[in-house]
Amino acid sequence: MLAVNKGSIDPPTFNILEWKPENITSSQTIVLVGKGIVYDTGGLSLKPTPNSMDYMKADMGGAAAVVSAIYAAALNKLPIHIVGLVPATDNRPDGNAYVPGDIITMFDGTTVEIKNTDAEGRLILADALSYAKKYNPQLVIDCATLTGAADIVAGPHAAVVMGNSEQHLSALKEAGLKTFERLIEVPLWEEYAAPLKSPIADLNNLGTREGQSTIAGKFLEHFTSYNWIHVDMAGTAFRKEKDAYRPSGGTGYGTRLLYNYLKTLTIQ
């Protein structure tokens, strides 16, 4: 997260939210992680402006969903321990910005060769996923406007989801159907990790264009050691035009999905 923030004049924040009522029904913890890139220029790997950078105020959609879901859980007094982790910064080019070719050291000690500074969301999420291990979680769900590839796969009609627990994936997809915040599952086969190899670091942060939404998921998976689900909501977090009850602009996608899922955990 510090590397991504180097081009900004504003310091980053790592926000920890917690809802822990006295009447919790389980001693286990659910951790929600949200990508909080408050504005994304692409860094020195600068984005084009039309239909790209001009919408990047929405690159904190994952963080917004996590904060809103925890707020809803607290308002409705769900008897479950929930922790929210939101790494937040902008991603801008500046004289001290990180550059392609840099090698950075992540929170858990993993070294990463930077191939593209516009693949920054996975870097800040990885730090948060490593930090989540402190809570010995039952499940970690991260939400992020992570890859344009997810928008190509699902468009504005669903988010792309992947993870290592079929039980939890099935339940989350069911919550998506109930709330009309639907999910399309893709596999996490090991072949998708091959493009992340680096001759000079443990990983690179880009991989190949083909299969990019899953390659980004494989990057994140490296930093997990628990039940984990990744929701790539790049196509659903922001709408350019009104659609039925969803206004143009930020849609709030993920809030009802996460809250509905959390609510099911309290009645099992």
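The values are calculated or read from the model by the stated rules, or taken from the named source; none is laboratory data. Remember, predicted model here, so these are calculated numbers, not experimental data. Here Cβ is always computed from backbone atoms with ideal geometry, including for glycine, and neighbour counts include all displayed protein chains.
May I ask you to list the residues in segment 221-236 that are of a type outside the set (S, T, N, Q) and assigned to a loop (DSSP other than H, G, I, E, B)?
Matches in segment 221-236: H222, F223, Y226, M233, A234, G235.
How about segment 20-41: which of its residues are touching a Lys or Arg at 6+ places or on another chain (Cβ under 9 Å) and farther than 16 Å from L125 by Cα?
Hits for segment 20-41 are P21, N23, T29, T41.
Anything in segment 164-206 that is under 16 Å from R122 (Cβ atoms) and either modelled with pLDDT under 95 or of a type in the set (G, A, S) (or both)? List them, or say none.
Answer for segment 164-206, where residues must be under 16 Å from R122 (Cβ atoms) and either modelled with pLDDT under 95 or of a type in the set (G, A, S) (or both): A193, S198, A201.
Would you say L123 is surrounded by 21 or more Cβ atoms within 10 Å (Cβ to Cβ), of a type outside the set (D, E, K, R) and touching a strand residue (DSSP E or B) at 6+ places or on another chain (Cβ under 6 Å)?
Against the criterion (surrounded by 21 or more Cβ atoms within 10 Å (Cβ to Cβ), of a type outside the set (D, E, K, R) and touching a strand residue (DSSP E or B) at 6+ places or on another chain (Cβ under 6 Å)), L123 does not qualify.
Within segment 237-248, identify whether any single residue is hydroxyl-bearing (S, T, Y) and either at pLDDT 95 or above or assigned to a helix (DSSP H, G or I) (or both), and answer yes or no.
Checking segment 237-248: not a single residue is hydroxyl-bearing (S, T, Y) and either at pLDDT 95 or above or assigned to a helix (DSSP H, G or I) (or both).
Select from segment 87-118 the residues that are surrounded by 17 or more Cβ atoms within 10 Å (Cβ to Cβ), of a type in the set (A, V, I, L, M) and touching a strand residue (DSSP E or B) at 6+ places or on another chain (Cβ under 7 Å) and list them in ascending order.
Listed by number, the residues that qualify are A88, I104, M106, V112, I114.
Can you tell me which condition S170 does not meet? The list is (1) outside any loop (DSSP other than H, G, I, E, B); (2) in contact (Cβ under 8 Å) with a residue 40 or more places away in the chain; (3) closer than 24 Å to G252 by Cα, and all the others hold.
For S170, the failing item is (2).
What residue, among those in segment 249-268 that are buried (at least 19 other Cβ atoms within 10 Å of the Cβ) and among the hydroxyl-bearing types (S, T, Y), is nearest to L139 (Cα to Cα)?
Checked segment 249-268; the qualifying residue nearest to L139 (Cα to Cα) is Y261.
Residue by residue through segment 134-149, note down the ones that are under 28 Å from I80 (Cβ atoms) and either crowded, with 21+ Cβ neighbours inside 10 Å or touching a residue at least 12 places away in the same chain (Cβ under 8 Å) (or both).
Y135, N136, P137, Q138, L139, V140, I141, D142, C143, A144, T145, L146
Give segment 200-220 a look and list any residue that's more than 18 Å from M106 (Cβ to Cβ), of a type outside the set (D, E, K, R) and part of a loop (DSSP other than H, G, I, E, B), or say none.
The answer is T208, G211.
Which of the residues belonging to segment 179-188 are assigned to a loop (DSSP other than H, G, I, E, B) and surrounded by 12 or more Cβ atoms within 10 Å (Cβ to Cβ)?
F180, E181, R182, V186, L188
Within segment 249-267, can you find the residues that are in a strand (DSSP E or B) and hydrophobic (A, V, I, L, M, F, W, C)?
None; the set is empty.
Which one is surrounded by the fewest Cβ atoms within 10 Å (Cβ to Cβ), of the residues in segment 67-83 that are touching a Gly at 6+ places or on another chain (Cβ under 8 Å) and farther than 12 Å from Y253 by Cβ?
Going through the qualifying residues, I end up with V67.
Going by the conditions given, is G42 more than 21 Å from T224 (Cβ to Cβ), within 20 Å of the chain's Cα centre (by Cα) and assigned to a loop (DSSP other than H, G, I, E, B)?
It is true that G42 is more than 21 Å from T224 (Cβ to Cβ), within 20 Å of the chain's Cα centre (by Cα) and assigned to a loop (DSSP other than H, G, I, E, B).
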